[in-house]
Amino acid sequence: MTHKTQYFNHPDGQYVPATKDLIEISNSSHKLLDILLRVTKVILLFVPTLILEVITFLVGTKKKSIKGQIALVTGGGNGLGRSLCLRLAKEGCHVAVADIDVISAERTALEIRGLGVKAEAFKVDVGEQQSVEQLKVNVESKLGPVDILINNAGLLAMLSLSEGTPEDVQRIIDVNLTSHFWTIRAFKDGMMERRRGHIVAVSSTFGIVPFGRTVCYSATKFGVRGLMEGLNEEFFMNGYGDDIFATCVYPCFVATRKEFLLYLQQYGCRVPIQTPEDVANLAIDGLLRNRCEVIASPWYMQIILKLYSLMPNSVNRLVMGVFVDNIPQLTDRN
Ligand SMILES: NC(=O)c1ccc[n+]([C@@H]2O[C@H](COP(=O)([O-])OP(=O)(O)OC[C@H]3O[C@@H](n4cnc5c(N)ncnc54)[C@H](O)[C@@H]3O)[C@@H](O)[C@H]2O)c1
């Protein structure tokens, strides 16, 4: 079996485990001198690199101009997507508003045109690869090649692990995570040819802190985080580190659809709720500064989120208890 096919083909009983001597050969092939040189390089460059990062953090980086660029926002018809579209238009971008709800997309496009830039509405189901491929054709023929891709469309599905049908679970994964693969694969080659581009993904604080009762949603948002961090490294490894950027945005709770706010109220959420405009402004400011990560939430939430992976579970649960109560399963809710 070739290296390429081994991940997809599993003929019965033909699995060959790695042997002990193969492991020894692999480990002994590392040249001591080579490792020493690499470690010395780290020791020499560690402090200056860190100092440079701290200075950049304190002073801030210069904002780039995106005036005249073509931006595509998925889920741009409503909520956070609509605010992202309007902020991009204020920066001088022409905007493709893509949504499964084309009437809302048309409404956003009309608002954008009022700001003096071009805007078009497009119907798409981001969970379907063919629909995304058609979107690419439609956007490029009406507005031109996409410079900025914002993967915002998502299903705010507050379901615990045992809730919803298997189709519901698959749909959440398709719309919230798999769709990012379809859009990135559709638009990244054009960005690489032109050596210009920026891909933004909207994850969630639930992509940093997992929360019970939203297991499937959290899993997709963690997936988006992994995808975007990997994408950044891939652009860097392929020599596009100075041309194409990937930004992952982690909003907390945003006042978008009414039923979501009512849900938060019902279960006593004590996290401050942000407006979609505030989150869009933080996200686009991050894009303009080529930030890899934008935690779009109050400063104290940012500290809690940064410390989360370092703390034991018991401490994390204690802290989270300040913000949310135990939410019953859907089946027990009235
Ligand atoms: N609202 C919050 O509190 C919050 C918090 C963290 C992260 N987020 C994330 O922000 C993003 C936007 O959330 P929102 O609150 O604005 O949601 P929303 O439900 O208010 O709006 C989502 C938009 O996406 C569109 N959409 C849904 N499925 C689609 C599909 N298959 N193809 C194309 N468009 C589709 C909808 O028509 C709608 O216009 C989502 O990814 C969400 O997970 C939201």
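Filtering region 124-133 to residues that are crowded, with 16+ Cβ neighbours inside 10 Å and more than 21 Å from residue 257 (Cβ to Cβ) leaves 128, 129, 131, 132. Screening residue 245 against (1) within 21 Å of residue 153 (Cβ to Cβ); (2) within 16 Å of the ligand (Cβ to nearest atom) leaves a single unmet condition, (2).
The single condition among (1) more than 30 Å from residue 120 (Cα to Cα); (2) open to solvent by less than 70 Å² (accessible area, probe 1.4 Å); (3) in a helix (DSSP H, G or I) that residue 42 does not meet is (2).
Tell me, which residue of region 84-122 that is of a type outside the set (Ser, Thr, Tyr) and over 20 Å from residue 148 (Cβ atoms) is farthest from the ligand (Cβ to nearest atom)? That would be 114. Look at (1) near the ligand (Cβ under 10 Å from one of its atoms); (2) outside any helix (DSSP H, G or I) and you find that residue 131 fails only one, number (2). Would you call residue 91 open to solvent by less than 70 Å² (accessible area, probe 1.4 Å) and among the acidic types (Asp, Glu)? So residue 91 fits the description; yes.
Applying the criterion of being more than 13 Å from the ligand (Cβ to nearest atom) and part of a loop (DSSP other than H, G, I, E, B) to the residues of region 137-158, the residue that is surrounded by the fewest Cβ atoms within 10 Å (Cβ to Cβ) is 144.
Of all the listed residues (227, 264), the sole one being in a helix (DSSP H, G or I), in contact (Cβ under 8 Å) with a residue 24 or more places away in the chain and under 24 Å from residue 172 (Cβ atoms) is 227. Can you spot a residue in region 187-204 that is more than 18 Å from residue 127 (Cα to Cα), within 11 Å of the ligand (Cβ to nearest atom) and in contact with a Pro (Cβ under 7 Å, 6 or more places away or on another chain)? Yes - at least one qualifying residue is present in region 187-204. All of (1) more than 14 Å from the chain's Cα centre (by Cα); (2) more than 10 Å from the ligand (Cβ to nearest atom); (3) not hydrophobic (A, V, I, L, M, F, W, C) hold for residue 171 with one exception: (2).
When region 47-88 is filtered for residues that are open to solvent by less than 70 Å² (accessible area, probe 1.4 Å), among the β-branched types (Val, Ile, Thr) and at pLDDT 90 or above, the ones remaining, listed by number, are 66, 70, 73, 74. Please work out if residue 327 is among the β-branched types (Val, Ile, Thr), within 16 Å of the ligand (Cβ to nearest atom) and in a helix (DSSP H, G or I). Criteria not met by residue 327. State which residue is modelled with the lowest pLDDT when the search covers only region 267-289 and only residues that are more than 9 Å from the ligand (Cβ to nearest atom), open to solvent by 50 Å² or more (accessible area, probe 1.4 Å) and not in a helix (DSSP H, G or I). Here the answer is 270.
The values are calculated or read from the model by the stated rules, or taken from the named source; none is laboratory data. What you see is a predicted model, and the numbers here were worked out from it, not measured in a lab. All Cβ positions, glycine included, derive from the backbone under ideal geometry; neighbour counts span all protein chains shown. Heavy atoms of the whole protein, side chains included, go into the accessibility calculation; ligands, DNA and RNA do not. Shrake-Rupley method; radii C 1.70, N 1.55, O 1.52, S 1.80 Å.
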